[in-house]
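What follows is a single structure, written as structure tokens, with notes after it.
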Amino acid sequence: MNKILPCVVGLGYVGLPVFLALKKKFKTIGFDNNQLRIKDLKKNIDTNKEFLNKELKLENGSIYANDSKYLKECNFYIISVPTPIKENKLPELKYIKSAIEMISKYLKKDDIIFLESTVFPGTTDEFCKKILQKKNINFFIGYSSERINPGDKIHNIKNISKVVSINTKNKKVLSCVKKVYNCISNKIILSKKIKEAELSKLIENTQRDLNIALMNEIMILCHKKKLDFHEVIRLAKTKWNFLDFKPGLVGGHCLPVDPYYLSYYADKSKFKTNVTLAGRKINNYMEHFVFKNVYNELKKIKEINLKNIVICGLTYKPNVSDLRNSLAIEIYKKIKQKFLNIKGYDPIIDKKNSNFLKIENEFNNIKESDIFIFLIMHNKLKKLYTYAKKNNKIIIKPF
């Protein structure tokens, strides 16, 4: 491969950082089938609010595209499409299948394909590879687990270690892979074992899900027994090896999904897991727990129907505009059914989403409210919290 021509398929939270890193050195195609997403990116707008306008500007002849014809000149494909779960909690691979089938139309001899979407072991070699092999062309395929943490400006894609797995002894291919991924991350960890790399990604998020679930369970116990949870944790943290995880609402597209992928893989292997999904039960229950507690607190307030109520922070986690799998938005909807005099407020949600969902994102539109409920504490909400406290507003904060 004399000249590397990369293409990133999927320009969401995972794919866009990869594309932005590659466009600094290569002519890179950034493909997404969402026309509105491409339209915004061409205007140097990231509706996820992860990147500044200047960071989105194209270099080296790179292109934002939603027409697959631009893929035909590429020879290094990186797939970063969603891998959600179905209603029955089983893995949904239709987006990966669609991306692979699209690439297969333009597949050429010795092309390199990397899967970055989170999957169960065997997806790269036994699912993607089989589709591409129908072309009867020699190609190389690998897996690189994504570790994007939306909203985290410290552990960005350049600063975190990147697992890169491909099973080949071809020196030219390995050299090409290193050139590409060295542009993306300062430190790459190479492996020939693709299935092990796929599994390593699943346990990263499952471990975190389990640790947060433990804190949620202890918080619920403290609430039931009227114990000070924060004092319990303050004392426990004095032990040198205590793991400092925080309780909270677990949403988004990783933690609520990946344990199910891991459990599915175990079931396929005829191995029954006892721990993997334990965190899911308690973390899913948090939606009901928080709703019930907030609802009970509101019922205690005199003349509640005459008060203006605002629920603040509706995304799935602090400082991230993503609403996917947000338990906060579900809690807001349930409380809204009980009280008519209520508004939702989130200052970091994209205006298109806030208008569609009828959620306020202007401080002046909610500052005169009587009751402030904080579900997800963005940095931009700290000013509002201080304002509410200073003006003797009623504050409800579940965590």
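The values are calculated or read from the model by the stated rules, or taken from the named source; none is laboratory data. Computed from a predicted structure; not experimentally measured. Note that we place each Cβ from the backbone using ideal geometry, even for glycine, and neighbour counts take in every protein chain shown.
Against the test of being at pLDDT 95 or above, of a type in the set (D, E, K, R) and either under 18 Å from the mean Cα position of the chain (by Cα) or under 26 Å from S145 (Cβ atoms) (or both), the options K193, K225 yield a single qualifying residue, K193. Testing V250 on (1) surrounded by fewer than 21 Cβ atoms within 10 Å (Cβ to Cβ); (2) of a type in the set (A, V, I, L, M); (3) closer than 18 Å to K317 by Cα, one condition comes back false. Which one is that? Here V250 clears every test but (1). Taken together, I218, I203 contain a single residue that is part of a helix (DSSP H, G or I), under 19 Å from the mean Cα position of the chain (by Cα) and of a type in the set (A, V, I, L, M, F, W, C), which is I203.
Between I373, I342, I335, I329, the distinction of being aliphatic (A, V, I, L, M), crowded, with 16+ Cβ neighbours inside 10 Å, over 18 Å from K49 (Cα atoms) and in contact with a Lys or Arg (Cβ under 7 Å, 6 or more places away or on another chain) belongs to I342 only. For segment 15-48, name all the residues that are over 27 Å from K172 (Cβ atoms) and among the hydrophobic types (A, V, I, L, M, F, W, C). Within segment 15-48, L16, L36, I38, L41, I45 meet the criteria. Residues in segment 136-152 that are free of Cβ contacts under 8 Å to residues at least 12 places away in the same chain and farther than 22 Å from V180 by Cα: N136, D152. Checking S165, S161, S175, S117 one by one, the residue that is surrounded by 14 or more Cβ atoms within 10 Å (Cβ to Cβ) and free of Cβ contacts under 8 Å to residues at least 60 places away in the same chain is S165 and no other. For segment 20-32, does any single residue satisfy the condition of being within 18 Å of the chain's Cα centre (by Cα), under 25 Å from P347 (Cα atoms) and not aromatic (F, W, Y)? The answer is no, given that none of the residues of segment 20-32 is within 18 Å of the chain's Cα centre (by Cα), under 25 Å from P347 (Cα atoms) and not aromatic (F, W, Y). Restricted to helices (runs of 4 or more DSSP H) entirely inside segment 303-396, those with at least 1 residues that are under 22 Å from P247 (Cα atoms), modelled with pLDDT of 95 or more and not charged (D, E, K, R) are 327-338, 382-390.
Here's a check for you: in segment 63-85, which residue that is among the β-branched types (V, I, T) and under 30 Å from A266 (Cα atoms) is surrounded by the most Cβ atoms within 10 Å (Cβ to Cβ)? Only one residue fits best here, namely I78.
Got at least one residue in segment 54-66 being farther than 26 Å from V177 by Cα and not aromatic (F, W, Y)? Within segment 54-66, one or more residues are farther than 26 Å from V177 by Cα and not aromatic (F, W, Y). Scanning segment 344-399 for residues that are over 24 Å from D322 (Cα atoms) and of a type in the set (A, V, I, L, M, F, W, C) yields I371, A388, I394, I395. Restricting segment 100-148 to residues that are part of a loop (DSSP other than H, G, I, E, B), within 25 Å of C254 (Cα to Cα) and among the polar types (S, T, N, Q) leaves a set whose member that is farthest from the chain's Cα centre (by Cα) is S144. Quick check: anything in segment 239-254 charged (D, E, K, R), at pLDDT 95 or above and assigned to a helix (DSSP H, G or I)? No; the residues of segment 239-254 include none that is charged (D, E, K, R), at pLDDT 95 or above and assigned to a helix (DSSP H, G or I).
Taking segment 71-85 as the range and being assigned to a helix (DSSP H, G or I) and out of contact with any Phe, Trp or Tyr (no Cβ under 7 Å at 6 or more places or on another chain) as the test, only E73 passes. Residues of segment 260-281 that are outside any helix (DSSP H, G or I) and in contact (Cβ under 8 Å) with a residue 40 or more places away in the chain: V275, T276. Against the definition (of a type outside the set (D, E, K, R), surrounded by fewer than 22 Cβ atoms within 10 Å (Cβ to Cβ), under 21 Å from the mean Cα position of the chain (by Cα) and assigned to a helix (DSSP H, G or I)), how does N284 come out, yes or no? Yes; evaluated as a whole, the condition is true for this residue.
Restricting N2, N88, N44 to those that are part of a loop (DSSP other than H, G, I, E, B), surrounded by fewer than 18 Cβ atoms within 10 Å (Cβ to Cβ), at pLDDT below 95 and of a type outside the set (K, R) reduces the list to N2.
Scanning segment 347-370 for residues being more than 14 Å from T315 (Cα to Cα) and either among the hydroxyl-bearing types (S, T, Y) or buried (at least 20 other Cβ atoms within 10 Å of the Cβ) (or both) gives a total of 2.
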